[in-house]
Structures are given as C-alpha cells and as structure tokens.
Amino acid sequence: MKKHANPRLKPAVTWMRASALLLAFIFIACRAAFAAGHMRIDGPELEKMMKSGQKLVIVDLREPELFKDGHVPGAVNIPYDGAKQRILKELSPKDTIVFICHGGPMGDELGAMLTANGYKKVYNVMGGMRKWKGPILIK
C-alpha cells in the first residue's frame, strides 16, 4: 500500500474531493429543479408579485366548490381535472402565469406542460393553498 507523501495533505485532498462532489450534486439538483422550465415560488413571493402591480394570471386548480370557499384575489378557476385540455387554449404565452392548487404538485405538472410549449413566465406556488397566508376572496 502506497503511503501519502505528506500525511497533513490527506485531509485537505479529501475535503477538496468532498467539496467538488457537493458542488456537482448542487449543480445537478439545480438543473433538475429548473428542467421543467417553470419557477417555484412561495406565498410571500406571490404576494410581492401581486403588490408590484404586474399583470398576473393566477390559476387556481382546485375544485369549483373549494374555489368558492376561498381563493387568492384575482384568481381564475381552471380545475385540474380538465386543465390539460384547457390551459393551452385559454392561457397566453405572453402572460405571467401563476398556478396554485391544494399543495403544489398539480401546478408543477401543468407548469412543465406550458413551458414545454414555449411559455416563458410560469410559476407554481409551493405548498399551494395549504400554506397560503395572504388575502382570500370568498365568492
């Protein structure tokens, strides 16, 4: 077995390798997170976007009865069950689109679908209405 020339360098080499592996992992994870093309935001980020005055198309993917019981002000209701057939027809690639659902995964799926079809400004609210702490409109 070959001994390392300087035993003090061995921990530094090990640390450098571990750091390189960690950076590679972070790079791959970030690429995977953005591979779908849409961006994930949290509730406070959506509130900032709403307050900024920029035009948003907020799409609530929940069932109509849940939408009526309370939703983000200004949101339109396109229930997930029929959304795949509707969103490409009803949403413009020029708009800034924000999906919100029960907890997040449905918006990720539809966000990926839109970005795969050339939409550029697509967001999904992580945690969905379960984590939403902002204003609620009841109809």
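Before moving on, here are some points about what is shown:
- Residue count, region 81-100 (criterion: closer than 15 Å to Val57 by Cβ and either modelled with pLDDT under 95 or among the basic types (Lys, Arg) (or both)): 3
- Of all residues making up region 41-74, the number that are of a type in the set (A, V, I, L, M), surrounded by fewer than 20 Cβ atoms within 10 Å (Cβ to Cβ) and not in a helix (DSSP H, G or I): 3
- Filter result for the condition that a residue is more than 20 Å from His38 (Cα to Cα) and assigned to a loop (DSSP other than H, G, I, E, B), over Lys133, Lys94: Lys133
- Qualifying residue in region 80-87 (condition: over 19 Å from His38 (Cβ atoms) and acidic (Asp, Glu)): yes
- Test: Leu137 is modelled with pLDDT of 95 or more and either touching an Asp or Glu at 6+ places or on another chain (Cβ under 8 Å) or surrounded by fewer than 21 Cβ atoms within 10 Å (Cβ to Cβ) (or both): no
- Scanning region 81-103 for residues that are of a type outside the set (S, T, N, Q) and surrounded by fewer than 19 Cβ atoms within 10 Å (Cβ to Cβ) turns up Asp81, Gly82, Lys84, Arg86, Leu88, Lys89, Glu90, Pro93, Lys94, Asp95, His102, Gly103.
The values are calculated or read from the model by the stated rules, or taken from the named source; none is laboratory data. Please read all numbers here as calculations on a predicted model, not as lab measurements. We place every Cβ from the backbone using ideal geometry, glycine too, and count neighbours over all the protein chains shown.
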